[in-house]
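Notes follow once the structure below has been shown.
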Amino acid sequence: MSYSCWFQCFNGCCDDRYSIYDVIYRCPKCDGLLEVTHDVEALKDKSAQEWKDLFDARAGGNQHPYGSGVWAYKEWVIPTIDDENVVSTYEGNSNLYFARSYGEKIGLKDLWVKQCGNSHTGSFKDLGMTVLVSVVNQMMQAGDSPVQAVAAASTGDTSAALAAYAAAANIPSVVFLPDNKVSAAQLIQPTANGAHVLALDTDFDGCMDIVKQVTQDNSIYLANSMNSLRIEGQKTVGLEIVRQFNWEVPDWIIIPVGNLGNISALYKGLKLMMDLGLIDRMPRLVAAQAEHANPFYQSYQNNFADKSTMTAKATQASAIRIGNPVSYDKAVVAVQKTNGLVEQANEQELADAAALGDLAGMYNCPHTGVALAVLNKLVDNGTIKSDDRVVVISTAHGLKFTSFKTGYHAASLPEVESNLPNPAVQLAADADVVKEKLSSLLSS
Ligand SMILES: Cc1ncc(COP(=O)(O)O)c(C=O)c1O
Ligand SMILES: [Zn+2]
């Protein structure tokens, strides 16, 4: 059976189809977002059980590229790509673990954390970037494409992923970062991978405006999530979570959001599972925003009557400091169709939630702190019940955000009173002094 996919207008203004190997990002008729559309009827040639067995057999194995947590689902992602053109680091396959200790702290019996930061470049962005760079690779290998380089605006993690995958494929990359607004670890990643790193005196939304202009010339290919190829890869996180629960659906999935590509992708993957009969209900999706960058929360408060935009303020959750989210229309559908909701966390709440999680053995990035703070609120106000099965998506590795951690434990973060500080104790190198100190520390 031959499977196929194409770009089509997300708004449904027309039935026009565009090849995924064309350089096109928005609907030429209405300027809406495009989405990758699959021939779902063709995919019905296998039963739900046959798909499950196939995916179970592939994921985590070593057969290129099917061992990847994205390409295990190749027929559902980009069926037409040649295996040899796939650029993969065997992304995905990240651990989904039972967070018993944190759950006990907040009164939840069935809490799980999906560690998307345990990935090649330290964030969930790898899931989408393997797809985008693989498609570009196939275009360039065909020899008739205008594309010479890939480019993205980024709050840090997208550029790290783009630079790594582009380097692996030997494709030049350009990244636009808001100067002084990404962590040192995020800045050094694309630098090390040989990207052209352009630090602009603006914020993420300003970088996004520039990259859109630069990529109007088809020689530079836009790698932001406005490009729906990214969503195709990121949607596998939903498939992977359900597969890790032996194809059972959790009650809730909480995810920190900025540009809103991630929650749109999560929904898209789950929806395809519904359409093909692998699951028979949807989890409720919760979008977690930082209060300083909360346009989606504001829109939700307004029943999504209008898209709110803002100039996002500084937040420790710097990767979601986005005021004009590109995938707004898709994310509204994700929340509405899953009976989901949007909640926010302020700087104090996100920092304390991250620290409380760390004390339960996690090592949270500030965005995961936002998701945990939102979880705490929803448990406290009774929206989430104590025996609901909940998944929190941890989107990046805490090691990328060292200054957030050191600032918290040194009690120097703005707007944050460090309620759980644990600064290092400096002592003389004297066994008696050390013993005395230990006895007081361990008895308290
Ligand atoms: C660590 C982290 N968490 C969450 C997000 C939010 O993802 P999205 O912008 O697709 O909503 C991003 C990227 O923006 C990120 O880097
Ligand atoms: Zn359209």
By average C-beta atoms within 10 angstrom, highest first, the peptides 323-329, 86-92, 65-71, 139-145: 65-71, 86-92, 323-329, 139-145
Using a cut-off of 22 Å between alpha-carbon atoms, which lysines can reach Lys109, once sequence neighbours fewer than 8 places away in the same chain are excluded? Lys377, Lys385
Rounded, prolate or oblate: which fits the stretch 154-259, taking a ≥ b ≥ c as square roots of the Cα gyration tensor eigenvalues, rounded meaning a/c under 1.5, else prolate when a/b beats b/c? prolate
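Among the listed pairs Lys114/Lys337; Lys330/Lys405; Lys181/Lys212, give every one whose C-alpha distance is greater than 30 Å. Can you show the working numbers first?
Working: Lys114/Lys337 22 Å; Lys330/Lys405 33 Å; Lys181/Lys212 20 Å.
Check vs 30 Å cut-off fails for Lys330/Lys405.
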Please list 48-60, 201-213 highest first by mean number of surrounding beta-carbon atoms within 10 Å per residue. 201-213, 48-60
Unit charges on C-beta of K, R, D, E only; dipole of the stretch 311-384, Debye: 300
Reachable lysines from Lys74, Cα under 17 Å, same-chain residues fewer than 8 places away excluded? Lys44, Lys46, Lys52, Lys235, Lys268, Lys271
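I need the trypsin sites (Lys or Arg not before Pro) found in the stretch 253-331, filtered to DSSP loop residues with at most 12 other beta carbons within 10 Å of theirs. Before the final figure, lay out each step's value.
Working: sites: Lys268, Lys271, Arg281, Arg284, Lys307, Lys313, Arg321, Lys330; in loops: Arg281, Lys307, Lys313, Arg321.
For trypsin sites (Lys or Arg not before Pro) across the stretch 253-331 that sit outside H, G, I, E and B with at most 12 neighbouring Cβ atoms in 10 Å, the list reads Arg281.
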Indicate, rounded to the nearest 5 percent, the antiparallel portion of the DSSP beta bridges found entirely in the chain. 30
Compute the signed sum of charges (Lys and Arg +1, Asp and Glu -1) over the other residues within less than 13 Å, Cβ to Cβ, of Gly261. +1
Using helices alone, I'd like the mean residue ellipticity at 222 nm for the chain: each DSSP H run of four-plus residues gives -39500 (n - 2.57), total over residue count, nearest 500. -11500 deg cm²/dmol
Inter-part gap, Cα centre of the stretch 122-157 to Cα centre of the stretch 1-79, in whole angstrom, is 16
Taking the Cα centre of the chain as the origin, how large is its charge dipole in debye, to the nearest 20, when only Lys and Arg (+1) and Asp and Glu (-1) carry charge on their Cβ atoms? 380
Report the Cα centroid-to-centroid distance between the stretch 224-285 and the stretch 400-444 in angstrom, as an integer. 39
Taking Lys and Arg as +1 and Asp and Glu as -1, residues besides Ala223 with C-beta under 11 Å from its C-beta add up to +2
Please enumerate, by chain and number, the aspartates and glutamates with C-alpha under 19 Å from the C-alpha of Lys105, excluding those fewer than 8 residues away in the same chain. Glu349, Asp352, Asp358, Asp380, Asp387, Asp388
For a protection proxy built on the mean count of beta-carbon atoms within 10 angstrom, sort 422-433, 347-358, 127-138 highest first, please. 127-138, 347-358, 422-433
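Bear in mind these aren't lab numbers, they're just calculated from the coordinates by the rules spelled out. The structure displayed is predicted, hence computed values, not measured ones. Glycine also receives a Cβ, built like all others from the backbone with ideal geometry; neighbour counts cover every protein chain displayed.
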